[in-house]
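Encoded as structure tokens, the structure appears first; notes follow it.
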Amino acid sequence: MVGIALIVSSGTESALAGNYRSATGVYYASLAGLEEARGRLLPKNPNYFSKTPPANFLPPTGTQWDIGYVRYILNPGPGDPNDTRTIYPDTEYDTEFGAGKLGAANQLITQSVWNVAPLNGLPVPGPLYKWVRINSISEVSLQLQVAPFDGHAADPTKPIYYDGTRLTIDPTNAREVLEITSLAVVPNGSQNPSQKLVQYLIAPVPLNLSFPAALTLDGNSPQFTASPSPSFWVDGTDHGAIGTCNPTAAPVAAVGYTSGSLSNFVQPSNALGIAIGPRPSDDLRNHYTPFTAPNPDIVSVTLSPNLQTVAGLNALVQTIQQNADVVVNGNATQASMPAAMSATNPMTIVINGDLTFSSWRSTGYGLLLVTGEFTYDPDASWDGIILVIGEGLMYSNRGAYTNTQIQGAVFLARTLDAFGNPLPPNSAPIFTPPAGSTMTSGFDFGGTPNSLTNSIYYSNCWIQAAMPSAGYQVLSFHEISSNP
């Protein structure tokens with residue numbers, strides 16, 4: 001009896017160990033599917049969805065993942081059909097969204113990185129998940145009333161957003177939440193293989209970067225030289241639609257500074273408010289709108305704490321560099337601008353040096369970060385964000401021959417002393433140009449009185465479209481019960 005008991009106990013222990021090994025393996029296989037999908041949502045990933053077929057796997061830039069857009073990653077193993085869903089169907093979607101919703105959804109498929117011959121150059125097979133699904137969510141799918149209860153049933157059509165602290169249906173200053181679901185199946189030596197269905201809720205992690213003005217001068221002793229051209233404007237009223245985003249944001253200041261006073265600025269009229277030229281029309285103060293203060297609208301603004309110190313600004317620069325599409329180490333020209341950049345594919349470009357645009361006569365799209373001096377040719381346009389952090393100097397010395405504009409926001413901060421050495425981390429940035437610099441102020445647009453329209457327009461839509469993500473934060477993770 002003792003011998004029989006030992007044999008039974010040994011068999012039970014072996015079975016338990018085998019089951020545990022199988023359960024652990026299928027868990028990590030399904031988790032690998034979640035992480036592949038989350039990773040491929042990042043533009044810097046070499047297997048970013050927009051870089052792999054089908055090209056339209058992701059919604060167009062500036063639009064959201066509408067309810068009913070369903071994207072699959074398929075990863076068939078040996079002996080599996082190309083579409084693994086035929087033998088491992090996705091029944092969870094209809095459970096969450098309602099019967100028949102998956103059949104009516106806009107479905108698109110791409111292949112796993114592990115299913116591309118010759119296994120991405122690796123000598124071993126990949127994880128044994130079968131499919132991954134990416135989609136937006138609603139109150140119905142979450143079975144959660146996200147909006148304040150108003151007596152109405154959960155809304156099945158409005159996507160859910162995350163504002164950094166809570167879920168919301170208001171997209172203002174919030175990012176859309178995506179759901180990633182992964183199914184893995186692993187043989188365990190029996191007729192019933194181990195199966196696991198797991199799920200993430202994720203949301204992009206935005207940069208802690210906001211713009212209280214169309215042109216922001218961050219630091220002590222800011223210097224600003226207004227253009228003498230009657231065709232130069234700085235407007236803090238929201239402009240520019242892109243995709244489904246329309247210009248409905250509240251206006252901001254035209255030019256904002258964090259310290260000092262208007263005595264530091266070469267204004268569009270002299271300090272007494274007398275017109276520059278002999279005619280009243282030569283008074284250019286009304287070219288700085290929307291007049292949140294008496295014109296010109298050049299006012300003191302308050303920035304978020306991370307933008308008030310050299311350490312915070314350096315951390316922002318480092319984060320942008322880590323998530324950039326293009327990084328150029330050294331001085332650059334318009335030839336360094338990527339050809340793939342477009343209105344539907346805004347990119348993050350970092351120039352670790354001086355940047356000079358000369359007779360470019362093209363438009364850039366996305367976030368441009370320059371750590372040296374930025375000599376801007378007004379013949380060029382930019383839709384998105386321009387950050388000049390480091391040298392903090394932006395200069396233009398010629399008039400535009402075409403109607404050009406910067407649409408989005410411009411932000412300048414000098415984090416170096418007069419000799420090019422970093423300022424103390426806890427100090428505020430400065431704006432005094434270094435000794436020997438050809439520039440006399442942090443922002444100096446000379447132009448000519450006869451130049452065509454050359455303007456800086458605030459655009460919340462283009463800011464959002466150009467804002468890179470520092471990754472996708474996991475808001476929740478759970479396992480879903482499924483039949484083996």
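One line per residue, one yes/no per condition, for (1) among the hydrophobic types (A, V, I, L, M, F, W, C); (2) modelled with pLDDT under 85; (3) assigned to a loop (DSSP other than H, G, I, E, B):
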{"site": "Val8", "(1), (2), (3)": "yes, yes, no"}
{"site": "Arg21", "(1), (2), (3)": "no, yes, no"}
{"site": "Tyr27", "(1), (2), (3)": "no, no, no"}
{"site": "Leu41", "(1), (2), (3)": "yes, no, yes"}
{"site": "Asp66", "(1), (2), (3)": "no, no, yes"}
{"site": "Pro78", "(1), (2), (3)": "no, yes, yes"}
{"site": "Pro81", "(1), (2), (3)": "no, no, yes"}
{"site": "Thr110", "(1), (2), (3)": "no, no, no"}
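Within the group Ala147, Ala153, Ala174, which residue is at pLDDT below 85, closer than 25 Å to Ser459 by Cβ and in the same structural domain as Gly68 (by TED's automatic domain parsing)? Walk me through it before giving the result.
Details: Ala147 fails: closer than 25 Å to Ser459 by Cβ; Ala153 fails: closer than 25 Å to Ser459 by Cβ.
Criteria check complete, one pass: Ala174.
Can you find, within the range 165-179, the residue that is surrounded by the most Cβ atoms within 10 Å (Cβ to Cβ) among those that are of a type in the set (A, V, I, L, M, F, W, C) and in a loop (DSSP other than H, G, I, E, B)?
Here the answer is Val177.
Among the candidates Thr216, Thr292, Thr319, which residue alone is in a loop (DSSP other than H, G, I, E, B), of a type outside the set (Gly, Ala, Ser) and either assigned by TED's automatic domain parsing to the domain that holds Pro429 or modelled with pLDDT of 80 or more (or both)?
Values: Thr216 fails: in a loop (DSSP other than H, G, I, E, B); Thr319 fails: in a loop (DSSP other than H, G, I, E, B).
Only one candidate passes the filter, namely Thr292.
Which one is surrounded by the fewest Cβ atoms within 10 Å (Cβ to Cβ), of the residues in the range 197-252 that are at positive phi and touching a strand residue (DSSP E or B) at 6+ places or on another chain (Cβ under 8 Å)?
Restricting to residues being at positive phi and touching a strand residue (DSSP E or B) at 6+ places or on another chain (Cβ under 8 Å), the top hit is Ser221.
Which residue out of Ser263, Ser259, Ser229, Ser190 is outside any strand (DSSP E or B), touching a Gly at 6+ places or on another chain (Cβ under 6 Å), at pLDDT below 80 and of a type in the set (S, T, N, Q)?
Selected residue: Ser229, the only one of Ser263, Ser259, Ser229, Ser190 that is outside any strand (DSSP E or B), touching a Gly at 6+ places or on another chain (Cβ under 6 Å), at pLDDT below 80 and of a type in the set (S, T, N, Q).
Go through the range 299-334 residue by residue and tally those that are in contact with a Leu (Cβ under 7 Å, 6 or more places away or on another chain) and under 15 Å from Gly471 (Cα atoms).
3
Hey, among Gly62, Gly33, which residue is at pLDDT 85 or above and buried (at least 16 other Cβ atoms within 10 Å of the Cβ)?
After applying the criteria, what remains is Gly33.
Residues to consider are Asn47, Asn82; find the one that is within 24 Å of Ala29 (Cβ to Cβ) and in contact with a helix residue (DSSP H, G or I) (Cβ under 7 Å, 6 or more places away or on another chain).
Exactly one of Asn47, Asn82 is within 24 Å of Ala29 (Cβ to Cβ) and in contact with a helix residue (DSSP H, G or I) (Cβ under 7 Å, 6 or more places away or on another chain), namely Asn47.
Take the residues of the range 43-55 that are in a helix (DSSP H, G or I) and of a type outside the set (S, T, N, Q): which is modelled with the highest pLDDT?
Of all residues in the range 43-55, those in a helix (DSSP H, G or I) come to 49-51.
Now narrow it down to the ones that are of a type outside the set (S, T, N, Q): 49, 51.
On the way: Phe49: 86, Lys51: 79.
Across the range 43-55, the extreme among qualifying residues is Phe49.
Which is at pLDDT below 90 and either of a type in the set (D, E, K, R) or closer than 24 Å to Tyr288 by Cβ (or both), of Leu416, Leu452, Leu412, Leu423?
Leu452
The values are calculated or read from the model by the stated rules, or taken from the named source; none is laboratory data. No experiment lies behind these values; they were computed from the predicted model shown. With ideal geometry, Cβ positions are generated from the backbone for all residues, glycine too; neighbour counts draw on all protein chains shown.
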